[in-house]
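The values are calculated or read from the model by the stated rules, or taken from the named source; none is laboratory data. Bear in mind the structure is a predicted one, so any value in this text is a computation, not a measurement. Neighbour counts are summed over all protein chains in view; Cβ atoms, including those assigned to glycine, are modelled from backbone coordinates with ideal geometry. Surface areas here come from the heavy atoms of the whole protein model, side chains and all, with no ligands, DNA or RNA. Shrake-Rupley method; radii C 1.70, N 1.55, O 1.52, S 1.80 Å.
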Amino acid sequence: MAELSRRTLISETAWEKAVAREAVIRPLAFVGTLNTTERTLACRQLGLRPSRFYQLLGQFRRKPVTSSLLDETPGPEKGRRLLSPEQEAAVAIAIHDVYCRRERPTITAVHDHVRLICRQRDLPAPSWKAVKVRIDQVDRQKLTKAREGARAARQRYSPVVDEYSAQHAMEIVQIDHTLVDLFVVDAVNRLPLQRPWLTLAIDIASRMVAGFYLSLEHPSSTSVALAIRHTVLPKASWLAEQNVVGDWPVHGLPIAIHLDNAREFRGRALAWGVAEHGIN
């Protein structure tokens, strides 16, 4: 796990260089003493001086993994706090006393107050960026309550308790898209192509999938129309074509279709098409 965490801090360029080194060094690492020809060829392939080549070779022999051939050392672990407890306390006081006010002071004002506190306590002042990071981590609901009042915090962050339901099947059908969590691969070389898009039509009353459309193309008014078509038509012939044994007892015109405000849901053809058949 530690090695995986370290990998995330290495730049892609540095990692690719280490992989290229590993391809040359691994075959030579445990074959005994290298002759001049092998050493010269390896140095030429890697663009290294002999001294640097032997340094990397020694590192790899001690720990035969690709990461031992990296040039750069990763920085501090992401999310790690580098301020002392006294500095953290000074920042917390400044955020509470300055930033959490209805006057909406700036981050610079908070930083100035932190510097004042640190000067009084004989502490090195943290940077403006360090102060901003800690302001960004403040609970947004508590901050809104302090700066805008309890009512604004409730309106913005408290959950809206309500019920969304339908009385009978096909009264309301919701349609939306999702990117499928798998890759379609090339039939010949098995190389990944892309993830398909799934357009789903779900009946609110029964929670049953009433129809769908699966495609490698990005969602459009066409995929919405084909999902509606699949929803409306009986499924028996479609199941037979797919060699699926079973029943899918849902079809017919819905009373209403609920959509979000995506571009493909706002086309004139879609609006006119559903209105043509009395669908809201």
Net charge near Val131: determine it from the other residues with C-beta under 12 Å of the C-beta of Val131, scoring Lys and Arg +1 and Asp and Glu -1.
+1
Counting heavy atoms of the protein chains only and a 1.4 Å probe, report the per residue accessible area for region 154-280 as a whole number of Å².
70 Å²
Amide hydrogen neighbours beyond the local backbone of Gly211, cut-off 5 Å, H modeled
Ala201
Can you tell me the length gained on complete extension of the stretch Glu217 to Glu163, counting 0.36 nm per residue apart and subtracting the Cα distance?
16.0 nm
Which values, in whole Å and largest first, are the semi-axes of the equivalent ellipsoid of region 128-177 obtained as the square root of 5 times each eigenvalue of the Cα gyration tensor?
39, 17, 6
When the Karplus curve 6.51 cos²θ - 1.76 cosθ + 1.60 is applied with θ = phi - 60°, which whole-Hz ³J(HN,Hα) does each residue of region 112-121 get, with x for Gly and Pro?
4, 5, 4, 4, 5, 4, 5, 5, 5, 9
Please give the residues of region 85-120, grouped as numeric ranges, whose backbone N is less than 16 Å from a label point set 7 Å along the Cα-to-Cβ vector of Val133.
85-92, 111
Enumerate the calculated ³J(HN,Hα) couplings along region 124-136 in order (Karplus 6.51 cos²θ - 1.76 cosθ + 1.60, θ = phi - 60°), each rounded to whole Hz, writing x wherever the residue is Gly or Pro.
x, 7, x, 6, 4, 5, 5, 5, 4, 4, 6, 5, 5
Report in % the part of the accessible area of the chain that belongs to carbon and sulfur, leaving out ligands and nucleic acids; probe 1.4 Å.
54 percent
With N residues in region 172-266, Rg(alpha-carbon) / (2.2 N^0.38 Å) equals 1.18
Which number do you get for Rg(Cα) / (2.2 N^0.38 Å) in region 118-206?
2.08
Coil-residue chymotrypsin sites (Phe, Trp or Tyr not before Pro) of region 87-172, DSSP, other Cβ within 10 Å capped at 10
Tyr164
How far is the Cα center of region 28-50 from the Cα center of region 112-131, in Å?
53 Å
What Kirkwood hydrodynamic radius do you get for region 195-250 when you take the inverse of the mean 1/r over all pairs of distinct Cα atoms, in Å?
12.0 Å
Just to check, using Stokes-Einstein with a Kirkwood Rh over alpha carbon pairs, what's the diffusion coefficient of the chain at 37 °C and 0.692 mPa s in µm²/s?
124 µm²/s
Highest mean packing first, using Cβ neighbours within 10 angstrom, the peptides 266-275, 202-211 sort as 202-211, 266-275
Hand me the trypsin sites (Lys or Arg not before Pro) from region 140-206 located in a DSSP loop with no more than 16 other Cβ atoms within 10 Å, in residue order please.
Arg190
Taking a cut-off of 25 Å, what percent of all Cα-Cα pairs in region 39-178 are separated by more than that?
61 percent
So what's the gap between the Cα centers of region 169-191 and region 229-267, to the nearest angstrom?
14 Å
